[in-house]
Amino acid sequence: MHPIEHLRYVARARGSEPAFLAREAATALATLRADHANLVVASRRIVERHPDVAQLWWLCARLLVAADPTAEAWALAERLDDDLAVDVLVGALPVDATVVTIGYPVVTSAALAQRSDLTVWCADSEFRASDLLRFLERFEIDAELISTESLGRAVTAADGVLIEACAVSGERVLAPVGSQVVAALARSAGTPVWLIVPTGTRLPAQYVDEIARRTLSDDWSGSVDEVPVDLVDTVVTEAGVAPMSSMAVRPDCPFAPELLRPGLG
């Protein structure tokens, strides 16, 4: 596929997993070998079409400051393809634990599939919990859907709540809709909240603020929640496990102001 057509495919894609979109964009941009001016234009268009995908902001910001954007794009595609946060979470979860998830957290699900000792209670978000349940059943993981009515009791009885970040900075956590309720219930019950941070979702505050501005809905129809930072106890990133702090979620890309300027059509 020609790089320009590949980028158009990325721009038109809807409903794809964020890391997949970012890998596709990285491959297209690496093949395109654009000069800086054209890379700026392409990057603006990508984030304008997918303003809620943190991994695309991360990818484009890193490429815009890279000495060799082509080599950087290939390297970032590899990081996205093999997210080390999965391995960190596999090793960090307590033995025989019962955990509550919400929606279909991609990195979290990949880790849970490798832990047959765990029990997973799946809370729903945008009707994705049933997909997670089917995925985990393929690996013979003990998993169960949790109704809204049972959510409080489940969170209270669980050993931990796992929330996967959509985008995060030291000041803000964006996660799937419903995450704020689950985190608040966990805090009330004294159940630890673990924030799983996929590669490419730790961003400068300016980008997270912009994602929030474009995606948080005043009419309650959005797919993203803002989870107060003080409701998170533990952070799991590709770098390891740490208590929640601005250092634990420090940006994994520079701030390239070009991404926040109006696009060129």
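The values are calculated or read from the model by the stated rules, or taken from the named source; none is laboratory data. No experiment lies behind these values; they were computed from the predicted model shown. Positions of Cβ are generated from backbone atoms using ideal geometry, with glycine treated the same way; all protein chains shown enter the neighbour counts.
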Item to check | residue 70 being over 28 Å from residue 212 (Cα atoms), of a type in the set (Ser, Thr, Tyr) and not assigned by TED's automatic domain parsing to the domain that holds residue 238 | outcome: yes
Checklist entry - Restricting attention to region 111-128, does a residue exist that is in contact (Cβ under 8 Å) with a residue 60 or more places away in the chain and over 26 Å from residue 224 (Cβ atoms)? => result no
Checklist outcome for this item: Residue hits (region 38-61; buried (at least 21 other Cβ atoms within 10 Å of the Cβ) and not hydrophobic (A, V, I, L, M, F, W, C)) are 43, 50, 55
Checklist entry - In region 58-78, how many are under 28 Å from residue 194 (Cβ atoms) and either in contact with an Asp or Glu (Cβ under 8 Å, 6 or more places away or on another chain) or not in a helix (DSSP H, G or I) (or both)? => result 2
Next on the checklist: Could you list, ordered by first residue, the pairs with Cβ atoms under 6 Å in which the first is in region 228-241 and in contact (Cβ under 8 Å) with a residue 40 or more places away in the chain and the second is among the charged types (D, E, K, R) and buried (at least 17 other Cβ atoms within 10 Å of the Cβ), at least 6 apart or interchain?
Outcome noted: 231/187
Next on the checklist: Can you tell me which residue is surrounded by the most Cβ atoms within 10 Å (Cβ to Cβ) among those in region 196-221 that are small (Gly, Ala, Ser) and either over 16 Å from the mean Cα position of the chain (by Cα) or not in a loop (DSSP other than H, G, I, E, B) (or both)?
Outcome noted: 212
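Inspect region 127-138 for any residue being assigned by TED's automatic domain parsing to the domain that holds residue 202, under 30 Å from residue 256 (Cβ atoms) and either among the aliphatic types (A, V, I, L, M) or surrounded by 16 or more Cβ atoms within 10 Å (Cβ to Cβ) (or both) and give the result as yes or no. So that I can check it myself, show each step before the final result.
As a first pass, look at region 127-138 and keep what is assigned by TED's automatic domain parsing to the domain that holds residue 202: 127-138.
If we keep only those that are under 30 Å from residue 256 (Cβ atoms) too, we end up with none.
Within region 127-138 (the criterion being assigned by TED's automatic domain parsing to the domain that holds residue 202, under 30 Å from residue 256 (Cβ atoms) and either among the aliphatic types (A, V, I, L, M) or surrounded by 16 or more Cβ atoms within 10 Å (Cβ to Cβ) (or both)), the answer is no, since none of the residues qualifies.
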